[in-house]
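**Student:** So that we are looking at the same thing, I have put the structure below in structure tokens.
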Amino acid sequence: MERVNSVQELIERTKDMPLERMRFFIGEDRREARCFGIYQDADSGNWVVYKNKSDGSRAVRYNGPDEAYAAQELWAKINSEIDLRRAKLPARRQKTRGEIIRERVRNIALALLIAVGLVIVVRWYVRQPHRGYYLIDDVVYYYQDSGWYYYDDGDWDVYYGPDDYDWYADHYYGTSYYGFDDYDDRFESSAYYVEPRDDDDDDDSSIFDSWDSGDTDWDSDW
């Protein structure tokens, strides 16, 4: 565990941790029960490192002018709480040779299934219409949100199209079309155009996902 030398360094070191969920508060004199914290007293200028117990009473770990010492005390406590929860994770049993072989066979079989599935998905995907322009028999079409539109005599209109499957295949032009005589003839300038949506997802999991403040011995002095 590398030491910290200031409260700012402590903040930087813990910026990716869910401190409020962990019940740690940096720069705050919190008074509710069951929390750790560090703050600078406005009157004395001292740094105070504390823990509020389950009954609301406070145990002060440090009260003094040494910022580096105070920050390190809370940093050490944060790490000890993380270690406490890591120790509660189930221990891994050593696998036998037979289990290792079976697992490898399963992994190979799974990899083959995934590869076949990917081929199917990719072939399906490339046959799906994508947002943008299509040029078919000198007619310009545009696809968005499961709908087709076509350009005719200086205007855009809804296209209900043929029922043939993938009639549009191999005719994708791109997200831009430069064959218009007028800039305003683009589909993006029509009343039908809808801005693309951003559907990106974010998934982040770690030991903090299952953090339980009930694991802490709140009634001890520290």
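The values are calculated or read from the model by the stated rules, or taken from the named source; none is laboratory data. Quick caveat, the model's predicted, so the values are computed rather than measured. Ideal geometry is used to build each Cβ from the backbone, glycine not excepted, and the neighbour counts take in all protein chains shown. Each accessible area value is taken on the protein alone, full model and side chains, heavy atoms only, with ligands, DNA and RNA left out. Shrake-Rupley method; radii C 1.70, N 1.55, O 1.52, S 1.80 Å.
**Student:** Could you check the range 53-79 and list, in sequence order, the residues that are without any contact (Cβ under 8 Å) to a residue 40 or more places away in the chain and in a strand (DSSP E or B)?
**Tutor:** Correct list: Arg58, Val60, Tyr62, Asn63, Gly64.
**Student:** Now, a different point. Could you tell me whether Leu118 is open to solvent by less than 40 Å² (accessible area, probe 1.4 Å) and assigned to a helix (DSSP H, G or I)?
**Tutor:** Taking the combined requirement at face value, the residue does not satisfy it.
**Student:** Let me ask another. Filter the range 127-164 down to residues that are outside any strand (DSSP E or B) and in contact with a Pro (Cβ under 8 Å, 6 or more places away or on another chain), then give me how many there are.
**Tutor:** 1
**Student:** Would you mind finding the one in Trp124, Trp167 that is farther than 20 Å from Ser190 by Cα, of a type outside the set (Ser, Thr, Tyr), open to solvent by 30 Å² or more (accessible area, probe 1.4 Å) and assigned to a loop (DSSP other than H, G, I, E, B)?
**Tutor:** Trp167
**Student:** Return the residues of the range 133-164 that are surrounded by 10 or more Cβ atoms within 10 Å (Cβ to Cβ) and among the aromatic types (Phe, Trp, Tyr); say none if nothing qualifies.
**Tutor:** Listed by number, the residues that qualify are Tyr133, Tyr134, Tyr141, Tyr142, Tyr143, Trp148, Tyr149, Tyr150, Tyr151, Trp156, Tyr159.
**Student:** What number goes with the only condition from (1) among the hydrophobic types (A, V, I, L, M, F, W, C); (2) modelled with pLDDT under 90; (3) farther than 30 Å from Thr175 by Cα that Val126 does not pass?
**Tutor:** (3)
**Student:** Any idea how many residues of the range 1-24 are closer than 20 Å to Asp66 by Cβ and either open to solvent by 40 Å² or more (accessible area, probe 1.4 Å) or of a type outside the set (A, V, I, L, M) (or both)?
**Tutor:** 12
**Student:** Take the residues in the range 53-106 that are open to solvent by 30 Å² or more (accessible area, probe 1.4 Å) and either in contact with a Pro (Cβ under 8 Å, 6 or more places away or on another chain) or polar (S, T, N, Q) (or both); name whichever of them is modelled with the lowest pLDDT.
**Tutor:** Among them, the one singled out is Gln94.
**Student:** Can you find, within the range 26-52, the residue that is nearest to Thr216 (Cα to Cα) among those that are outside any strand (DSSP E or B) and open to solvent by less than 50 Å² (accessible area, probe 1.4 Å)?
**Tutor:** So the residue we want is Ala33.
**Student:** Then there's this: With the requirement that a residue be at pLDDT 85 or above and out of contact with any Ser or Thr (no Cβ under 8 Å at 6 or more places or on another chain), what does the range 156-166 give you?
**Tutor:** Asp157, Val158, Tyr159, Tyr160
**Student:** Identify, please: which residue in the range 171-187 is open to solvent by less than 40 Å² (accessible area, probe 1.4 Å) and under 16 Å from Asp157 (Cβ atoms) and is, among those, nearest to the chain's Cα centre (by Cα)?
**Tutor:** Here the answer is Phe187.
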